[in-house]
Structure formats: C-alpha cells, structure tokens
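Notes to accompany the following structure.
The values are calculated or read from the model by the stated rules, or taken from the named source; none is laboratory data. Everything numeric here is computed off the predicted structure, so don't read it as measured data. All Cβ positions, glycine included, derive from the backbone under ideal geometry; neighbour counts span all protein chains shown. Heads up: the accessible areas ignore ligands, DNA and RNA and are worked out on the full protein's heavy atoms, side chains in. Shrake-Rupley method; radii C 1.70, N 1.55, O 1.52, S 1.80 Å.
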Amino acid sequence: MKTVYHKADTRGHANHGWLNSYHTFSFANYQNNERTHFGALRVLNDDTVTQGMGFGTHPHRDMEIISIPLEGDLEHKDSMGTTAVIKKGEIQVMSAGTGVMHSEYNKNKDQAVKFLQIWVFPRETGVEPRYDQKSIKEGEKINGFQQILSPDKNDDGVWIHQDAWFNLANFTKGNGKNYMLHKKENGVYAFVLKGSAKIGDRILNEKDGLGIWDTQSFNIEAVENTEILLMEVPMELPAYLK
C-alpha cells in the first residue's frame, strides 16, 4: 500500500473576505507542482462563504463538479435553467461537459455556508451538461460506509462520468471498518471532516487528507467520533489529458 499525507495546515489558503478557501490541490493562485491532483481527483476545496455573498456566473467545461455542504445553504443557478438550494445532508453534481455557466450564492443573512467543492476529471470529454442533487442524510450509516456517488445512475447517490465511488463514513470512538476498493486501478483519497482516525500507521486529524493506492483494501479505525469522506478515483489520468 502506497500513501501520500497532506496535513490540514499545509493546504493552500486564500481569504478574499467574502470567501475563505483552503485548497488541498493546486487551485487559482495556489500552485504546488507536488500537489496538482490525486489521480482523477483534481480539486478539493474547503470553502466558507459569508452571508449574502457568493460566486458570480462563470463557465465550466469537461469537468465533474461535486458540492457537499457542511453547514448552511447554498443556492445554485445555471445556464441549463436550474435553480436549486443545497444544504447539509445533500450532495450536488454538475457535469459541465460541452460547457455550462453557473453561479453559487449564500442567500442566508445570518449564517455562513461551508461546503466542499470537488472536481473530478471525466473519463471522456464533450458529454451533455447535466445537474442533479440528492439527499444523503436519509439512511445515514453509523460505523459503516454510505455511498453518495458512483458511475451508475441506478446506484445509491448521484452519478458522474467516471469510475469513481464516494462514501461517507461515520464512526464512533473505537469502531472502524475495512474498505474494499471497487477497481484495482483506483486509489482512495480520505479526507477527515470531523474527529480523528487511524489508517495504516497514520493518525489523521480534522481536515487532514491521505491518498491511498496500490492496495485492494485498507482499514479505518476511529480514534474519536469521526466523520470521513472517502473518494475512490482512477489513478491513471484519462487519455485526453496525456
């Protein structure tokens, strides 16, 4: 098993006043040649948007964009005619494909919104743009894995144009479980949302990340009550990026 460890305080950081953002991988003015992506996982931003502020209308193309709110509500509008609000307990996906314009705003007057913005390279370019969101709170599993994303539109959670599987793991102190990868060519990026956990010989604390590959499985053990996001993605980049 190979791993790469990213401690929370080594992430890129940009505070624009209305937006406070931490970047696990190179993004905007944060450029780190050793942290450009983890396989097909291109962006993992930990964003806080202040009351009444947000991202104005901007374009995306040929990227799978996933948003997971951690606190508060986020309003989404796009050129496909979608207007939606996502909140904690939900997941949003937008396949940018041939091109889409969208905006994201915190419409709350009394609360910041905190959310993860995640980009995954699709397996192919030029797909038809699409939007979807689903509740991931219902059926929440304690001391187990809850699948929230996959390549299969008939499977649990949202789906994307990539052989990727995302799971939320909620463990009480002292509990854990073995995670089995879906494909041997894949790796998993584990990101601790709350608490701390042990994977292999590494203790991960809140907002630490650990990339794991060249293994079929690994064990997670909660050092304290812990919530972790597991993002399984192909380690080899799509042919169009080579």
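Just a few scattered comments:
- Heavy atoms of the protein chains alone define the surface here; on that basis the chain has 45 Å² accessible area per residue at 1.4 Å probe size.
- Vicinal HN-Hα couplings computed from phi for segment 189-205 (Karplus, 6.51 cos²θ - 1.76 cosθ + 1.60; Hz; Gly/Pro x): 9, 9, 10, 7, 7, 8, x, 8, 8, 10, 10, x, 9, 10, 8, 10, 9
- Net dipole in debye of the chain [+1 Lys, Arg Cβ; -1 Asp, Glu Cβ; about Cα centre; nearest 20]: 240 debye
- Karplus-based coupling profile of segment 107-124, in residue order and whole Hz: 7, 5, 9, 10, 8, 6, 10, 10, 8, 8, 10, 10, 10, 10, 5, x, 6, 8, with θ = phi - 60° in 6.51 cos²θ - 1.76 cosθ + 1.60 and x standing for Gly or Pro.
- Here the label points at GLU224 and VAL85, each 7 Å from Cα along the C-beta direction, are separated by 3.3 nm in the simple model.
- Carbon + sulfur, % of accessible area of segment 144-241 - ligands and nucleic acids excluded, 1.4 Å: 43 percent
- The shape of segment 149-213 comes out prolate: with a ≥ b ≥ c from the C-alpha gyration tensor, a/c is at least 1.5 and a/b beats b/c.
- Considering only THR48, ALA164, GLN31, and ranking their Cα positions along the charge dipole of the chain that arises from unit charges at the beta-carbon of Lys, Arg, Asp and Glu, the one farthest toward the positive end is GLN31.
- Over the chain, the alpha carbon radius of gyration divided by the compact-protein estimate 2.2 N^0.38 Å works out to 0.96.
- Between the alpha-carbon centres of segment 52-118 and segment 150-214 there is a gap of 23 Å.
- Segment 12-135: C-alpha gyration tensor shape, a/c 1.5 cut-off, then a/b vs b/c: oblate
- TRP213 accessible area, assembled protein chains, probe 1.4 Å, Å²: 60 Å²
- What the phi angles of segment 155-166 give under the Karplus curve with 6.51, -1.76 and 1.60, with θ = phi - 60°, is a coupling list of 8, 5, x, 7, 10, 9, 7, 6, 7, 10, 9, 10 Hz, glycine and proline written as x.
- Carbon + sulfur, % of accessible area of segment 12-135 - ligands and nucleic acids excluded, 1.4 Å: 45 percent
- Distance in nm between pseudo-label sites at MET101 and LYS242 (7 Å out along the Cβ direction from Cα): 3.7 nm
- Sorting MET53, MET94 on solvent-accessible area from highest to lowest, probe radius 1.4 Å, gives MET53, MET94.
- Here the dipole of segment 12-135 is about 60 debye; that uses its Cα centre as origin and unit charges on the Cβ of Lys and Arg (positive) and Asp and Glu (negative).
- Area accessible to solvent at LEU44, 1.4 Å probe radius, in Å²: 0 Å²
- Formal net charge of residues neighbouring SER21 (Cβ-Cβ distance under 13 Å; K, R +1; D, E -1): 0
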